[in-house]
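Report on the structure given below.
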Amino acid sequence: MIINKLKYFRLLFISLVLFFLSTAASSQMVMDISAKLVVKGGSAKDGIIKLYENGNLIENYVSDRSGKFSVSLDLNKDYIIEFAKEGYVTKKINIDTRIPDDFGQGKINLFSFAVELFQQYDEVNTVVFKQPVAKIKFYKQYNDFSYDTDYSKEILTKIQDTEKELEKAHEKKLQDEKVQNLAQQQQALAAKKAQDDAEKARIMAQEKAAAEARKKAEDEAKRKAEEEKAKQLEQQRLEAEKRKTEEEARKQAELLEKQKEAERQRIEAEAKIKAKAEEDARKKAALEAQLKIEEEARKKAAEEAAKIEADRKAQLLAQQQAEAEKKRKDDEAKKQAELIAKEHLAIKQKAEAEERAKIIAEDEARKKVALEAQLKLEDEARRKASEEAAKIEVERKAQLLAQQQAEAEKKRKEDEAKKQAELIAKEQLTIKQKTEAEERAKIIAEEEARKKVALEAQLKLEDEARRKAAEEAAKIQAEEKAKQYAEEKALAEKRRKEEDARIALEEAQEQAKNAEEKKLSEERKKQEEQDQLKKQLEEQEKLQRDIEVRKAKAISEKIREQEKAMKVAKASVDEVDKENYSKGKTVEVIEKDNMTITRTIYVESSAILIYLKVEHKWGGVYFFRNDQCISEYLYEIELKNS
């Protein structure tokens with residue numbers, strides 16, 4: 001009886017789902033629009049496409065570089081699609097989606113069109129574009145949407161005249177810009193030439209005046225130098241001897257000062273190394289004390305947990321014994337005891353899992369702390385050694401810079417003396433250069449020695465830090481292994497005791513298991529029926545999704561094929577020159593790109609209409625009026641009436 005009811009409800013549910021899906025499909029009929037924005041002489045990127053429904057703006061789109069635009073319009077409404085871009089004429093298309101009440105569930109074909117925007121100019125009156133350039137509505141005799149031909153013929157001439165004026169204005173603007181650019185280039189070239197000539201004249205005048213001034217100054221300097229030369233020779237000799245004595249005394253003083261500075265730096269470096277060693281020892285002692293406190297706390301917690309676990313196990317054993325005694329006396333009480341024992345076993349297993357997870361987490365945390373401490377010690381040692389080396393390098397550079405500045409000043413004075421007394425200065429310069437070379441070699445050797453000492457100190461500190469960190473890590477790892485061994489031993493003992501208790505409960509669990517299996521069998525049967533119903537619903541949903549995907553794929557393929565045909569149609573329309581055709585109808589057949597194009601040109605006094613039939617080799621056929629896609633029925637009717 002229950003199975004029959006389930007089948008009835010299942011069939012009823014599937015029927016309701018199918019009914020709602022068919023209702024939704026019929027209520028979601030829309031008119032699919034595929035449009036393309038073309039900007040003459042520019043890009044469709046950043047074009048603005050606005051959608052108005054019954055006079056109200058409902059959507060605002062920004063075009064990409066392709067200019068493609070697709071939208072689905074609800075039926076029985078009036079829409080305006082506005083195409084605009086800054087600096088270009090705005091165009092509108094009016095689409096009336098009202099259909100007859102007796103249309104039913106007929107198919108609504110995809111409607112495609114392209115809109116071309118021209119650059120706007122103030123001198124051209126574009127008021128004609130304030131009204132739609134085309135109107136699209138449903139024609140009952142075609143059973144499809146098409147252009148309002150009466151409206152199109154009425155406005156076509158006005159639009160063509162305005163577009164011709166815009167084209168002329170665009171060509172005039174390009175010509176004016178070309179003339180203006182040419183004039184600006186000529187003016188720039190003339191101004192540059194005049195500027196270059198003036199600059200050349202100014203430079204020549206300056207060079208001439210400077211040459212005359214230099215010659216006059218050289219003559220005057222030569223005369224004065226000859227007058228002073230005799231007076232200064234003796235004075236220079238005395239000053240040279242005095243400078244030599246002073247220079248020797250200064251060098252001796254500098255040597256003593258450098259020795260004192262080197263000794264001071266050595267003492268400071270030793271003090272820093274000693275302080276660093278004391279700090280490392282203090283940190284190590286603090287770390288050992290902290291680890292010891294943590295270890296004692298963990299041991300105390302483990303003892304407390306073991307005590308609680310022993311009490312709990314004793315209580316559990318007593319309870320199990322009481323339950324076993326009660327089981328022998330009363331079968332109903334036995335079933336209750338089995339449920340309690342099963343619950344306690346689950347709680348115990350959960351507690352054991354939590355305890356094992358806690359032990360693993362604590363182990364990982366301790367390892368992470370040890371590793372972080374090791375890395376921190378190595379980073380601190382490298383940082384301090386780097387700071388010491390940087391400080392020594394800065395002091396060396398400062399000393400070298402001061403020495404170079406003193407040498408530069410000294411060289412400048414000696415060069416002046418050399419020009420005035422070449423013979424005396426030449427001998428002194430030779431002696432001085434030899435002394436300076438020895439001094440520089442000595443300074444460089446001292447600097448290299450200081451750098452070597454600093455580098456050795458840095459390497460020693462880094463090696464000591466790495467050694468201490470490695471020892472600390474090894475110690476922690478050994479302690480962890482010992483603790484892990486003890487924990488594993490305790491856990492093995494705990495498992496042995498638990499196994500004994502488990503064996504005592506197997507008989508009670510066997511009976512509970514049989515009852516549970518019976519219950520599970522009934523639940524599985526019920527679940528299988530529910531799964532079967534769910535599977536049927538999923539298959540129905542999958543079928544609906546496949547239908548939607550195929551529909552979307554078919555629309556996409558149709559759009560792609562129509563776009564290709566529209567490109568060919570536009571090219572075929574653009575290549576038609578009205579002047580080459582007489583008034584009336586002309587039919588041409590063109591073979592191009594695996595397509596057969598039948599072009600019918602109908603020339604009136606004020607306009608020209610071009611009808612195209614594009615037949616693909618693979619069987620696809622499309623029909624166009626000018627570059628607008630139309631149905632086959634509309635194509636045949638209009639050709640017949642034209």
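Scan the stretch 6-53 residue by residue and report those that are part of a helix (DSSP H, G or I), modelled with pLDDT of 55 or more and open to solvent by less than 50 Å² (accessible area, probe 1.4 Å). Hits for the stretch 6-53 are Arg10, Ile14. Screening Glu82 with (1) modelled with pLDDT of 80 or more; (2) not in a strand (DSSP E or B) gives one miss only, at (2).
Taking only the stretch 129-141 into account, find how many residues are loosely packed, with under 15 Cβ neighbours inside 10 Å and modelled with pLDDT under 85. Before the answer, list the steps.
The initial filter retains those residues of the stretch 129-141 that are loosely packed, with under 15 Cβ neighbours inside 10 Å, namely 130-131, 140-141.
Narrowing further to those that are modelled with pLDDT under 85: 130, 140-141.
Residues in the stretch 129-141 being loosely packed, with under 15 Cβ neighbours inside 10 Å and modelled with pLDDT under 85: 3 in total.
For the stretch 257-272, the criterion of being under 52 Å from the mean Cα position of the chain (by Cα), of a type in the set (Gly, Ala, Ser) and assigned to a helix (DSSP H, G or I) is satisfied by at least one residue.
Could you check how many residues of the stretch 448-490 are farther than 28 Å from Glu288 by Cβ and open to solvent by less than 50 Å² (accessible area, probe 1.4 Å)?
The initial filter retains those residues of the stretch 448-490 that are farther than 28 Å from Glu288 by Cβ, namely 448-456.
If we keep only those that are open to solvent by less than 50 Å² (accessible area, probe 1.4 Å) as well, we get 454.
Total meeting the criteria: 1.
Of all residue pairs spaced 6 or more apart or on separate chains, those with beta-carbon atoms under 8 Å, a first member in the stretch 493-515 that is touching a residue at least 40 places away in the same chain (Cβ under 8 Å) and within 16 Å of Leu316 (Cα to Cα) and a second member that is surrounded by 11 or more Cβ atoms within 10 Å (Cβ to Cβ) and hydrophobic (A, V, I, L, M, F, W, C) are Ala501/Leu316; Ala501/Leu317; Arg502/Leu345; Ala504/Ala324; Leu505/Ala341; Leu505/Leu345; Ala508/Ala337; Ala508/Ala341.
Of all the residues that make up the stretch 54-71, how many are surrounded by 11 or more Cβ atoms within 10 Å (Cβ to Cβ) and in a strand (DSSP E or B)? Spell out the reasoning first.
Going through the stretch 54-71, the residues surrounded by 11 or more Cβ atoms within 10 Å (Cβ to Cβ) turn out to be 57, 59, 61, 63-64, 66-71.
Going one step further and asking which of them are in a strand (DSSP E or B), we end up with 57, 59, 61, 68-71.
Total meeting the criteria: 7.
Scanning the stretch 552-603 for residues that are farther than 25 Å from Lys40 by Cβ and not in a strand (DSSP E or B) gives Ala552, Lys553, Ala554, Ile555, Ser556, Glu557, Lys558, Glu561, Ser582, Lys583, Asn594.
Just to check your reading of the model, which residue among Ala389, Ala305 is open to solvent by less than 60 Å² (accessible area, probe 1.4 Å), within 30 Å of Ile273 (Cα to Cα), modelled with pLDDT under 75 and in contact with a helix residue (DSSP H, G or I) (Cβ under 8 Å, 6 or more places away or on another chain)?
Numbers: Ala305 fails: within 30 Å of Ile273 (Cα to Cα).
The unique qualifying residue is Ala389.
Looking at the stretch 361-370 only, could you name the residues that are open to solvent by 60 Å² or more (accessible area, probe 1.4 Å) and at pLDDT below 75? Across the stretch 361-370, the qualifying residue is only Lys367.
Per this entry, Asn125 is not counted among residues that are part of a loop (DSSP other than H, G, I, E, B), touching a residue at least 24 places away in the same chain (Cβ under 8 Å) and within 19 Å of Lys77 (Cβ to Cβ).
The residue that is farthest from Ala402 (Cα to Cα), among those in the stretch 254-273 that are open to solvent by less than 50 Å² (accessible area, probe 1.4 Å) and touching a helix residue (DSSP H, G or I) at 6+ places or on another chain (Cβ under 8 Å), is Ala269. Beta carbons closer than 8 Å, at least 6 apart along the sequence or on distinct chains, pair a first residue in the stretch 567-587 that is of a type outside the set (Lys, Arg) with a second that is open to solvent by 60 Å² or more (accessible area, probe 1.4 Å) for Val568/Lys592; Val568/Asp593.
The sole residue among Lys292, Lys276, Lys200, Lys215 that is over 30 Å from Thr435 (Cβ atoms), open to solvent by less than 100 Å² (accessible area, probe 1.4 Å) and basic (Lys, Arg) is Lys276.
Can you pull out the residues in the stretch 85-111 that are of a type outside the set (Ser, Thr, Tyr), in contact with a Lys or Arg (Cβ under 7 Å, 6 or more places away or on another chain) and assigned to a loop (DSSP other than H, G, I, E, B)?
First pass over the stretch 85-111, keeping only residues of a type outside the set (Ser, Thr, Tyr): 85-87, 89, 91-96, 98-111.
Keeping just the survivors that are in contact with a Lys or Arg (Cβ under 7 Å, 6 or more places away or on another chain) gives 94, 96, 100, 110.
Answer for the stretch 85-111, where residues must be of a type outside the set (Ser, Thr, Tyr), in contact with a Lys or Arg (Cβ under 7 Å, 6 or more places away or on another chain) and assigned to a loop (DSSP other than H, G, I, E, B): Pro100, Leu110.
The values are calculated or read from the model by the stated rules, or taken from the named source; none is laboratory data. Owing to the predicted nature of the structure, the values given are computational and were not obtained by experimental measurement. Virtual Cβ from ideal backbone geometry, glycine too; neighbours counted across all protein chains shown. Protein only, heavy atoms only, side chains kept; ligands, DNA and RNA dropped before computing areas. Shrake-Rupley method; radii C 1.70, N 1.55, O 1.52, S 1.80 Å.
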